[in-house]
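One structure below.
None of the figures in this text is laboratory data; all of them are computed from the coordinates on show. All figures in this text were calculated on a predicted structure; none of them were measured in a lab. Backbone-built Cβ (ideal geometry, glycine too); neighbour counts: all protein chains shown.
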């Protein structure tokens, strides 16, 4: 009959506990939250809280918050599509996640009128001149490290 010494039993229990913790950590995949907001917040970044409706003169932020992320280098990419489905902007942002495994990064979109509308803005004192073509439902496709994470919609009104 084999008998474990008290030290051997403790080591075996510690090893089993470590294996369970390791398996549990791998079973919790990274979590992310993606939202749009116009609130500038602080110099450290835009404010938290989802906003889905924007005025055409507002700066539109798309925020990615991550927990349990893999530490190291990552790349955020956002493809901004206007109401007609045309890609209007592409944001490419490399960032680093430290050992805390948490990150908060953002991209932003500022709608601007074309050159032909600059005179209208000045003559008629109309800040929305040349921006009305952007009114409607927009789509932002959010990629992390080349993999599509989520598509999110927002509305622009002028």
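Which order do 132, 147, 90 fall in if you start with the one that has the fewest other Cβ atoms within 10 Å?
147, 90, 132
Using a simple spin-label model with points 7 Å from Cα along the Cα→Cβ vector, what separation in nm is obtained for residue 102 and residue 48?
0.8
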